[in-house]
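The values are calculated or read from the model by the stated rules, or taken from the named source; none is laboratory data. All figures in this text were calculated on a predicted structure; none of them were measured in a lab. Positions of Cβ are generated from backbone atoms using ideal geometry, with glycine treated the same way; all protein chains shown enter the neighbour counts. These area figures cover heavy atoms from the full protein model, side chains too; ligands, DNA and RNA do not enter into them. Shrake-Rupley method; radii C 1.70, N 1.55, O 1.52, S 1.80 Å.
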Amino acid sequence: MKRLLPLIAFMATVPALAGDLYVSPTGNDTGDGQLNTPFRTIGAAIEKATPGTVIYLREGIYRPNTADIMQPNGEGGNYDCVYYLDKDGSSELPFTIAGYPGEKAVIDLSGIKTGRRIIGFDMKGDHWHLKNFDIVGIQVTQTGHTQSINVALFGGSNCRIEQVNMHDGMGIGVYATKGHDNLVLNCDAYNNYDPVSEDARGGNCDGFGFHLKDTGATGNVISGCRAWRNSDDGFDLINNYAPVTIENCWAWENGYDADMNSRGDGTGIKSGGFGMKPQAKAPEEIPRNIIRNCLAYANKNQGIYANHHLGGLDFESNTAYRNRRNFNMVCRKSADEAIDVDGYRHRLTNNISFEPGDKNADCVNIDKNRSILTNNNFSAGINLTASDFESLDASQLLMPRKADGSLPEITFLRLKPESEAAKAGMGRK
Ligand code: CA
Ligand code: CA
């Protein structure tokens with residue numbers, strides 16, 4: 001039995017099953033995509049893949065060019081889709097595109113400037129997994145109202161985007177309008193700023209945006225993700241028709257570019273809303289998005305924001321610190337009346353706020369008679385001071401992730417056990 005162990009350990013880290021494919025920046029598309037004869041382009045592997053295939057990206061920088069765009073003029077002529085994932089896998093046989101274990105694959109999209117909107121990965125089919133690689137340099141080349149997207153969930157369901165880092169480009173990290181039961185897990189989106197469109201405001205560049213068009217697109221979760229220095233918002237759920245859960249996520253310094261110049265809206269977690277046009281387009285049943293165990297720090301305007309939602313949202317065990325307003329619960333009066341009113345039907349449980357930028361802006365625009373506030377420091381009259389926290393060193397947010405991709409253990413904004421708020425069960429778990 002003992003002699004088998006090294007083999008099992010090897011198989012656990014580098015499975016090599018028949019049907020798997022390999023890609024390397026130094027490969028060749030005339031080969032067959034095997035370990036020793038890898039393809040050069042990711043598109044060649046996607047075309048050859050069948051359900052169950054794992055496409056391994058070997059170490060190095062991939063630089064697709066215009067000729068590599070799998071679906072030019074796609075999505076109704078609106079987008080050039082570099083990698084087009086329209087085949088369907090199944091729960092037993094998903095498609096996977098993964099950085100080779102222990103290696104770092106980086107896809108640099110900066111060479112693609114077509115004059116149209118760009119999508120890095122267009123996830124149209126079901127059961128696709130993206131794992132363990134970076135996407136950088138996505139471009140915007142239009143000056144009007146536009147956007148580019150690193151990873152688009154435009155129809156695929158039961159997909160998983162895990163340990164994919166989207167940064168230093170002009171596009172949104174992950175952007176979803178369709179599909180159910182998708183999971184965005186342990187991803188980072190940062191330094192994303194569009195300096196080209198709409199007077200260089202960067203007002204469309206979010207880390208993670210879910211804007212599901214269909215009330216049946218349920219079961220979507222964003223978990224363990226970090227978003228910082230995105231020029232608009234960290235997380236954005238505006239115009240979203242089906243409830244989304246954002247849990248264990250950190251948002252900081254959004255609304256700025258990589259050099260901390262002020263740019264777009266600047267919300268850590270924009271948790272809902274349907275805009276303020278005279279007649280709001282919204283579903284009959286307003287979704288209750290869930291924001292749980294998240295952290296919002298030093299975002300330009302709002303930490304955790306109801307964004308004129310047309311109903312209640314659930315906020316549980318979140319921490320907000322040094323945002324201009326830590327919790328802003330403002331709602332819109334009704335779909336027919338574009339009037340801001342104090343937030344109604346919200347449930348806030350076990351949240352904490354510390355040192356908002358504006359005076360008394362721990363939790364603003366909340367109708368306490370029409371919402372349920374339970375055991376939050378700001379509703380329970382517990383005033384926090386620096387001595388309640390293990391640490392206020394924000395540089396911990398950038399600590400490396402654990403080997404499995406989960407967030408690092410940090411003491412930043414963690415309540416000391418002897419703190420009155422901790423004893424009451426407030427703060428993040
Ligand atoms: Ca915006
Ligand atoms: Ca936004």
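Placing unit charges on the Cβ atoms of the charged side chains and taking the dipole of the chain about its Cα centre, the candidate lying farthest along the positive direction among GLY76, GLY209, GLY120 is GLY209. Note on the chain: antiparallel DSSP beta bridges, both residues inside, total approximately 5 percent of the bridges counted. If R0 equals 22 Å, the separation of the Cβ atoms of ILE372 and THR245 corresponds to a calculated FRET efficiency of about 0.75. With both residues required to sit in region 170-263, DSSP beta bridges show an antiparallel share near 5%. Counting only the Cα atoms, the chain fills a convex hull of 153 Å³ per residue. The relative contact order of region 232-311, computed from alpha carbon pairs under 8 Å that lie at least 6 residues apart in sequence, is 42 percent.
Surface calculation, 1.4 Å probe, protein heavy atoms: TYR297 sits at approximately 30 Å² accessible.
Per residue, region 131-221 exposes 29 Å² of solvent-accessible protein surface, assessed with a 1.4 angstrom probe and all protein chains in place. With all protein chains in place and ligands, DNA and RNA left out, the 1.4 Å accessible area ranks LEU397, LEU185 as LEU185, LEU397, largest first.
Taking every DSSP bridge with both residues inside region 49-125, close to 15 percent are antiparallel.
For region 71-140 versus region 391-410, the spacing of their alpha-carbon centroids is 27 Å.
Can you give me the relative contact order of the chain as a percent, contacts being Cα pairs under 8 Å and 6 or more apart? RCO, the chain: 7 percent.
If you build a Gaussian network model of the chain, linking Cα atoms that sit under 10 Å apart, which residue out of GLY137, GLY209, GLY173 swings the most? Among GLY137, GLY209, GLY173, the largest mean-square fluctuation in the Gaussian network model of the chain belongs to GLY137. Take the alpha carbon atoms of region 317-363, find their center, do the same for region 164-181, and report the distance between the two centers in whole angstrom. Region 317-363 and region 164-181 have Cα centres separated by 26 Å.
Rounded, prolate or oblate: pick one for region 319-378, where a ≥ b ≥ c are the square roots of the eigenvalues of its C-alpha gyration tensor, a/c under 1.5 means rounded, and failing that, prolate if a/b is larger than b/c, else oblate. Verdict is oblate for region 319-378.
Accessible surface of LEU93 in the full protein assembly, 1.4 angstrom probe, to the nearest 10 Å²? Probe radius 1.4 Å; accessible area of LEU93 about 90 Å². Within the chain, the longest run free of exposed loop sites, counting GluC sites (Glu not before Pro) that sit outside DSSP helix and strand states (H, G, I, E, B) and have at most 12 other Cβ atoms within 10 Å, spans 93-283.
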